[in-house]
1. Restricting the search to region 24-74, which residues are basic (Lys, Arg) and in a helix (DSSP H, G or I)?
2. Is it the case that Asp77 is farther than 30 Å from Ile99 by Cα, free of Cβ contacts under 8 Å to residues at least 12 places away in the same chain, of a type in the set (Asp, Glu) and outside any helix (DSSP H, G or I)?
3. Could you tell me whether Thr117 is modelled with pLDDT under 95, surrounded by 11 or more Cβ atoms within 10 Å (Cβ to Cβ), more than 15 Å from the chain's Cα centre (by Cα) and assigned to a helix (DSSP H, G or I)?
4. Could you look through region 14-39, keep only residues that are in contact with a helix residue (DSSP H, G or I) (Cβ under 7 Å, 6 or more places away or on another chain) and farther than 19 Å from Pro63 by Cβ, and pick out the one that is surrounded by the fewest Cβ atoms within 10 Å (Cβ to Cβ)?
5. What about Val45, is it assigned by TED's automatic domain parsing to the domain that holds Gln98, surrounded by fewer than 15 Cβ atoms within 10 Å (Cβ to Cβ) and either over 17 Å from Tyr23 (Cβ atoms) or aliphatic (A, V, I, L, M) (or both)?
6. When you scan region 1-15, how many residues do you find that are part of a loop (DSSP other than H, G, I, E, B) and either at pLDDT 95 or above or among the small types (Gly, Ala, Ser) (or both)?
7. Condition first: hydroxyl-bearing (Ser, Thr, Tyr) and closer than 21 Å to Gln75 by Cβ. Now tell me which residues in region 1-52 satisfy that.
8. Evaluate region 2-13: report whether one residue or more is in contact with a strand residue (DSSP E or B) (Cβ under 7 Å, 6 or more places away or on another chain), more than 22 Å from Leu85 (Cα to Cα) and β-branched (Val, Ile, Thr).
Amino acid sequence: MSESYPIGDVADRLGLSIDALRYYERIGVVPRAARDAGGRRRYNVDDLHLLEVLIHLRDTGMPLAEIAEFTRLVQKDPDGVPERLALLRTHREAIAEQIARLTRSMRVIDGKIDDYTERLGPAESRMRKGQSA
């Protein structure tokens, strides 16, 4: 039998609360966990891998409904592979656009930091940083 992990260990590893993990299972975002003889959730290595992928999807802004769809397609394996691939490609494009927007915004912010630092002048800039002139 492969090694399995209790919900508390899995929640800690993923940076989630136990309640969040249970909630995600209840609404279909994550697959239902296997249960031990006492009815407690147990997760195997494959479950952990999928959960880590799902957390990355969530962290990159994929809506929970789309994550639930991805999970449903995983459970259809191998039949769900083309749809999963399409979903991931679409999400990747959205992430790339977001990164481009953030990069442009970072340039503007860096420009303002440079401008304001220059306006302070060398002596004023050192004084604000706690250095002597």
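1. Quick first cut of region 24-74, residues basic (Lys, Arg) only: 26, 32, 35, 40-42, 58, 72.
Hits for region 24-74 are Arg26, Arg58, Arg72.
2. Numbers: farther than 30 Å from Ile99 by Cα: yes; free of Cβ contacts under 8 Å to residues at least 12 places away in the same chain: yes; of a type in the set (Asp, Glu): yes; outside any helix (DSSP H, G or I): yes.
Yes, satisfied.
3. yes
4. Filtering first and then ranking leaves Arg32.
5. On the way: assigned by TED's automatic domain parsing to the domain that holds Gln98: no; surrounded by fewer than 15 Cβ atoms within 10 Å (Cβ to Cβ): yes; either over 17 Å from Tyr23 (Cβ atoms) or aliphatic (A, V, I, L, M) (or both): yes.
No.
6. 3
7. Of everything in region 1-52, those that are hydroxyl-bearing (Ser, Thr, Tyr) and closer than 21 Å to Gln75 by Cβ turn out to be Ser2, Ser4, Tyr5, Tyr23, Tyr24, Tyr43.
8. Taking every residue of region 2-13 in turn, at least one turns out to be in contact with a strand residue (DSSP E or B) (Cβ under 7 Å, 6 or more places away or on another chain), more than 22 Å from Leu85 (Cα to Cα) and β-branched (Val, Ile, Thr).
The values are calculated or read from the model by the stated rules, or taken from the named source; none is laboratory data. Remember, predicted model here, so these are calculated numbers, not experimental data. All Cβ positions, glycine included, derive from the backbone under ideal geometry; neighbour counts span all protein chains shown.
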